[in-house]
Structure formats: C-alpha cells, structure tokens
Amino acid sequence: MSIYNEPEEWLRDSIESILHQTFGDLEFIIVNDNPGRALNNQVIEHYMALDNRIVRIDNAMNLGLTCSLNIALREAKGNYIARMDGDDISLPDRLKVQHDFMEKHPDIGLCGCWISYFGTINLLTSRINRLPVTPADIKTAFLFYNPLVHPSVFFRKDLLYSTNTMYDEQFRNAQDYLLWENLLNHSIQLANINKVLLRYRVSNEQISNKLKSNQNSVANAIQMRTLEKMEIELSDTEKSLFCCIINRGILSNLEFHLAEQLLIKIRAALLTNSTTNQHFANKILHLEWVNCFKNLKADRKPWKTFFSSPLFQFRDLRLRDLAKIVLSA
C-alpha cells in the first residue's frame, strides 16, 4: 500500500481491513509517499505499535504511486504480492480466498476479484462490478477496457523476475494496465475470482477522476497495440473512431453507422480465434454498441437500426417485445 493524502477515516478503514484478514501470515508494507504530512506519520505509528507485521517505508519526497509500488515490490519477502489502496476496504477473507485460488491454479500468474462500489458517486454506489473471470475472456476484454481492478490483484512475486517486469516509472497513471499488458506479452495467465472481495471507493477526489484524459491516452495506446497483436488491421480513421467509441465520445449519425461497421469487423476477427469465448465476445460488443447508441447525438434515435443491428442481443423478453413493435411500425 502506498499512501499520500487520504482522509484519516479512509486510511484507518483500509489499514484495519488488512490487519483483520483471516489469512494472517503476511507482511504489510506501507509506503509513506507524503512524509511531511503529520497525519500519515501518526496513523502509521499507531498501527505499528499494535501490529508487528507492518513494514514502514518513508520516501524522502513525493515520488508518486508508480515509483512507490516498485519500492514496495523490491522490499517484499513473500511468495505472493497483494495490492491495496489507502481508500479501499478488503473484505476479511480476501487474502485467504485469493491465496487458496492461486495455490489451486498454478497456471494462473495473477488474479483479481469482483468488487462492490461505495462512496459519494451515487450512480456507482452499491453496484457490483462482475469482471470477466477466465484468461480468455480477460484477453478479449483487454481490447476495450482494463478488466482487472488494480487494488484487488494478487500475484506471484517470481513473475517479476521471470518476466523482468515491474511498473513502468515513466507513467504516473494507468501503470497497472501497462503491467497487465507486459504480463500478457509473456503469456502469463490472468484471471478474476467471481466473488466480491474488495469494496472500491468512488469519489471526486480520486486520481483516476482528476487525470482521466491522461489515463485514456495511455489506455488507447495499449488498445491500439492489442489490436495489432490480434492482427486486426484498422485504418487511421477507424483507429480514431475506435478510441472515440471506447472513450464514450459523442457520435454523429454518420459516425454511429461507421461504428457499427467497425464493431462488426472486430467481432469477425475475434470469432476467428479458436481461444475466444464467442458468447463473451458477442456480449462485450453488444455492450459497446449500446454505448454507441446512448452517445448518438440525434434528436430522434434510429430505433429500427438499433434493434435490427447484428450486434444487438435480446437479453430479456421486454426488449424482444419492444423490438417487435418498433420493427413492425
């Protein structure tokens, strides 16, 4: 865990959620990336007096999350590394469940888990993020978004040596997405446990909200490289449109129709891969198509085009009945 300027209540809740884990054989490395902040020192000293499993590291100056994580990785002595942030809460059995999963699945190099949101953004509060679970589905999702939640991951420490991989310190944001890309490049299997093991705080104070634009640019570069590795060739215009789609940009009528053609092209390429789960690929492309429709800038939505698209899936009877009415009008 690296801490910087988290409110005291958030910080205490996060630390205590690790100290109260049912899996007790751990060292808890806390990197203080804001050594001049008296509150950080007070909180760390308080818990160190209560629990000798805490390992304290004070940066001489603010280095940022990426450098702080690498410092912690070099210090860690265990066989596994578990990530944690100073504003989230791990459920009591998180580390035990992840440890047992990794012991039972030696082919998996890194696992995350499902998460539940809490905090001050009402649209997300109490929602569960059911992330893709299998390595194959994670690879497919990787093309569109980051399918692993950074503070939820648990991985084998020896991966760092066998792949010569650490966090890239040139990047202050999206460093986790880059790390997953590097692991995939070394054919490391990534998975998620289909159980909520982490409560993920959402607020306007988080770095991901403040620096969203920079994160998007890094993510888009990764996604372009992923397209190339999948041998999906796109023109420059298609690449720009693809970035617009995944960044939830507003689409004109023409762009909307071009987006459909582009997503169909990508689906065809994915489904020719024998390792692709066709059901999951269709599902994720359907969701991208729905988001395109939501972001269509038009006074009247072209519902007939929407319901008749090969990307659309009838996921419940109400939609099916609505589609029949619209298409027969």
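If both residues of a DSSP beta bridge must be in the chain, then about 30% of such bridges are antiparallel.
Using only Cα atoms, find the angle between the long axis of helix 236-246 and the longest principal axis of the chain, and express it within 0 to 90 degrees, rounded to the nearest 10. Once rounded, one gets 60 degrees. The local environment of Thr272, defined by Cβ-Cβ distances under 15 Å, has a net charge of +2 under the rule Lys, Arg +1 and Asp, Glu -1. Close amide H pairs (under 5 Å, H built 1.01 Å from N) link Val149 with Cys113, residues at least 5 positions away or on another chain. Within the chain, the longest run free of exposed loop sites, counting GluC sites (Glu not before Pro) that sit outside DSSP helix and strand states (H, G, I, E, B) and have at most 11 other Cβ atoms within 10 Å, spans 1-230. Annotation: region 39-102 has a Kirkwood hydrodynamic radius of 13.9 angstrom, from the mean reciprocal C-alpha pair distance.
Give the angle, between 0 and 90 degrees and rounded to the nearest 10, that separates the Cα long axis of helix 278-294 from the longest principal axis of the Cα atoms of the chain. Between helix and principal axis, roughly 80 degrees.
In nm, what is the difference between 0.36 nm times the number of residues separating Lys212 and Asn273 and their Cα-Cα distance?
18.7 nm
Assuming a ≥ b ≥ c are the square roots of the Cα gyration tensor eigenvalues, decide whether region 24-181 counts as rounded (a/c under 1.5), prolate (otherwise, with a/b larger than b/c) or oblate. The shape class here is rounded.
Values in this text are rule-based calculations from the coordinates and carry no lab data. Just so we're clear, the structure is a prediction, and the values are computed from it rather than from any experiment. Neighbour counts run over all protein chains shown; Cβ positions are idealised from the backbone, glycine included.
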